[in-house]
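Before any comments, here is the structure.
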Amino acid sequence: MKKFVCIALTILVLGVIAWFILLRPSDISQELVTESFKSKEKSFMVVAEYLVDNNITTEINGLLTHDNNYGVPIINENDYRKFNEAVEVIMYKEFVSIVSDGESVEFIYESSGGILNRLGASIIYNGKDRVDGKPTIRLNNNGWHLYIRQE
């Protein structure tokens with residue numbers, strides 16, 4: 001009987017571990033990311049405007065510092081300060097990266113879920129009605145889009 005209980009507990013523990021690694025549902029939803037965008041919309045606008053208006057290509061993976069500004073030049077001290085503060089607001093919790101090609105900016109949300117259910121999301125600004133090559137949901141009429149992807 002003791003052997004049977006040990007085997008059952010082992011199978012149960014392995015099953016829970018396998019579920020967590022493989023099948024855990026993702027926390028990402030259209031509503032969650034949209035709410036995150038709406039709560040920080042001003043900061044998103046400041047970052048996108050600075051990067052697009054100055055045609056800056058960069059990938060920001062953390063907070064800007066004096067030693068590491070991710071190649072973002074200081075064009076106007078006041079505008080750069082506002083940009084830096086907006087990056088801090090965005091990168092504080094949910095977002096892991098900001099990628100700009102000088103014409104569009106993609107704010108990458110932290111992905112979640114098990115290996116088979118992993119979802120990622122991005123908020124994309126390009127100033128257009130749609131994003132080429134990605135099925136997106138328009139967040140507003142000013143060129144902001146939501147992109148949810150299976151990873």
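The values are calculated or read from the model by the stated rules, or taken from the named source; none is laboratory data. Predicted model, so just to flag it, every value in this text is computed and none were measured. Heads up, the Cβs are rebuilt from the backbone with ideal geometry, glycines too, and the neighbour counts pull from every protein chain shown. Ligands, DNA and RNA are stripped out before the accessible areas are found, and what is left, the full protein with its side chains, is counted by its heavy atoms. Shrake-Rupley method; radii C 1.70, N 1.55, O 1.52, S 1.80 Å.
Side notes on the structure shown:
- Contour excess over end-to-end distance, with Cα ends at E85 and N141 and 0.36 nm allotted per residue: 17.6 nm
- Within a Gaussian network of the chain (alpha carbon springs, distance under 10 Å), most fluctuating of V13, V52, V96: V13
- Subset of K42/K128; K40/K134; K93/K134; K93/K128; K40/K93 violating a 20 Å alpha-carbon distance limit: K40/K134; K93/K134; K93/K128
- Contact order, relative form, for the chain: 25 percent (alpha carbon pairs under 8 Å, 6 or more residues apart, mean separation divided by residue count).
- Protein accessible area in the stretch 11-135, 1.4 Å probe - carbon and sulfur %: 54
- Here r is the Cβ-Cβ distance between E59 and L9 and R0 is 35 Å; the resulting FRET efficiency, rounded to 0.05, is 0.15.
- Where only C-alpha atoms are counted, convex hull volume of the chain per residue in Å³: 133
- Prolate/oblate/rounded label for the stretch 66-151 (Cα gyration tensor, a/c 1.5): oblate
- Solvent-accessible surface of the chain, taken per residue with a 1.4 Å probe and all protein chains present: 62 Å².
- Counting only alpha carbon atoms, the long axis of helix 41-53 and the longest principal axis of the chain meet at about 60°.
- Our estimate of slack between V16 and N117, defined as 0.36 nm per intervening residue step minus the Cα-Cα distance, is 34.8 nm.
- Neighbour-limited loop hits for trypsin sites (Lys or Arg not before Pro), the stretch 59-149 (at most 10 other Cβ within 10 Å; DSSP other than H, G, I, E, B): K93
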